[in-house]
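This report concerns only the one structure given below.
Here, each number is a calculation from the coordinates, and none is a lab measurement. This structure is a prediction, so every number in the text was calculated from the model and none was measured. Cβ: placed from backbone, ideal geometry, glycine included. Neighbour counts: every protein chain shown.
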Amino acid sequence: MSIDPLHQCQAPDNLFMALRAFYDSQFEYEDERVPGYIENQLTIPSQVLRLPKALRCEVHATLLPIVESWSHRALELIYVYGIRRYLRGTTLKMHHDPKGRVYSVSLIVAQQVEVPWPLVFDVAPSDYREVLLQSGEMVLFEGERLLHGRPKPLRGDFYAAVFAHFCPLSH
């Protein structure tokens with residue numbers, strides 16, 4: 001069965017509220033440098049906020065049936081990344097997710113931007129799509145297959161998101 005390679009939707013309220021409450025309660029982030037991938041000429045490009053195990057499990061339990069319904073496949077969780085907070089001027093290189101991360105979710109937890117920061121997808125030849133997400137929204141996409149990134153510098157103070165990756169059980 002063919003699926004749309006990306007799907008934008010509202011995140012479940014209970015999950016978004018749990019992630020936002022955790023995010024709002026934290027004040028110390030780990031500086032993160034991922035050369036050649038997340039770039040910023042002016043400052044540290046991003047920071048990460050590790051999720052406690054219970055919250056990672058909630059992300060998994062909540063998103064798994066949503067991604068399975070969209071993909072029409074039985075899936076298993078590969079990885080839930082903590083909250084990555086991109087900082088002013090940062091770009092995210094166009095890339096494919098690592099092998100095995102077939103389906104990906106980007107859920108926006110918080111942002112303070114001057115202009116929307118698009119997530120760009122190369123869906124097919126001559127079919128680039130820009131997805132603009134508000135806090136509490138998410139996009140499901142074929143991360144291993146689709147070239148994607150944020151090539152325009154972030155114009156704003158920060159943009160914070162959680163990422164989850166899944167693969168088919170038979171993978």
Could you work out the relative contact order of the chain, using alpha carbon pairs under 8 angstrom and six or more residues apart, expressed as a whole percent? 31
Hey, any idea what Rg/Rh is for region 34-171, computing Rh the Kirkwood way over Cα pairs? 0.95
Within the chain, excluding any trypsin sites (Lys or Arg not before Pro) found in a DSSP loop (not H, G, I, E or B) and having at most 11 other Cβ atoms within 10 Å, the longest uninterrupted segment runs 100-171
